[in-house]
Amino acid sequence: MSKLDLSVVIPVYNSGAIFPELYTRLTTELSSRVDSFEVIAVIDGCVDNSYDVVAAHCDKDPRVKLIELSRNFGHQNAVTAGLDAASGELVAIIDDDLEDPPEVLVQLMEKLDEGYDVVYGIRRKRKRSWLYRFLFSAFYRLLDRMVEMKVPHDTGDFCVMRREVADTIKEMPESNRYLRGMRTWVGFRQTGLEYERSARFSGQTGYSLSKYFHLALDAIFSFSNKPLVSVSIGGGVISLVSLILGARLVLLRSMGRIPEVPGWASLFVAVTFLAGVQLFCLGIIGIYLCRVYDEVKRRPKYVVNRTVGFGGDDS
């Protein structure tokens, strides 16, 4: 493989017990494969000893750098902070839990030599419960129908990309970020590499079902306007059905086949149903408006509290 400089971005959340093993395996693999590399660990509002553990590695190995955010800004923004600080000709993203083996990272880098600009990992098998596997599968198939571009199935942020790709992603200013969708959107030559995902090395994941749901909403609403189109189509269909039913009632009433006082049950059901549809449609419109509101505020995606290992840039 070609000798190329590399930046490895690692979002860290309560992984003080895992980072030493991740560091050992990662540096062992990379030391014999690339001329120089840096490991950028982004501490994302950790409540354990992750900062102290990573800072100790910074003291003994100048290749390790640390960015501590002022609070928990979320996984996607933590990765964004690492991308902003990365300086390598190649930029890799890997999670902190060792579910993505560092040994596979080298394989992704070797695949770049075939002329690709991005190589991402495809999870051959997830070591999660059947419920999570079902929800992941359903999400990707829903996403296929909602967005025009083809987002690869069973992938995460685990990837290696060339500098021009990383710079293009950095220029995308949106606040609600779905990085694997952004990675697909920018184009370039991309391919995937299947690998066996490991179980979490230690502790409990910080990604709850609600966070996955929020990420799914970011994926859909950031790259598709089909929910709005569906609302418009649904409203038109309901209006047409109401018009047809109204004409039918007028006709039956003129023929004397409807009593003076019709039953209230059907009217109650119809009114509550339409009210529910209206609230649902307003909710979808509200989500888009909320995202517009997030963008026009122009707040930073993250706030850095302190850094270690960046030399004169440390603060």
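Rule-based calculations on the coordinates, nothing more; no lab input. Everything quoted here is computed from the prediction, not taken from an experiment. Because the Cβ atoms are built from the backbone with ideal geometry, glycine has one as well, and the counts that use them run over all protein chains shown.
Numbers at a glance
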read-out	value
Entries of Lys111/Lys211; Lys150/Lys301; Lys60/Lys211; Lys226/Lys297; Lys170/Lys297 with Cα pairs more than 28 Å apart	Lys111/Lys211; Lys60/Lys211
Extreme residue, positive dipole direction of region 132-187, given options Met149, Ser175, Phe136 (C-beta unit charges)	Phe136
Nonlocal amide H pairs with Ile18, under 5 Å, H built at 1.01 Å	none
Under 5 Å, built H, 5+ apart or other chain: amide partners of Asn305	Glu68, Leu69, Ser70
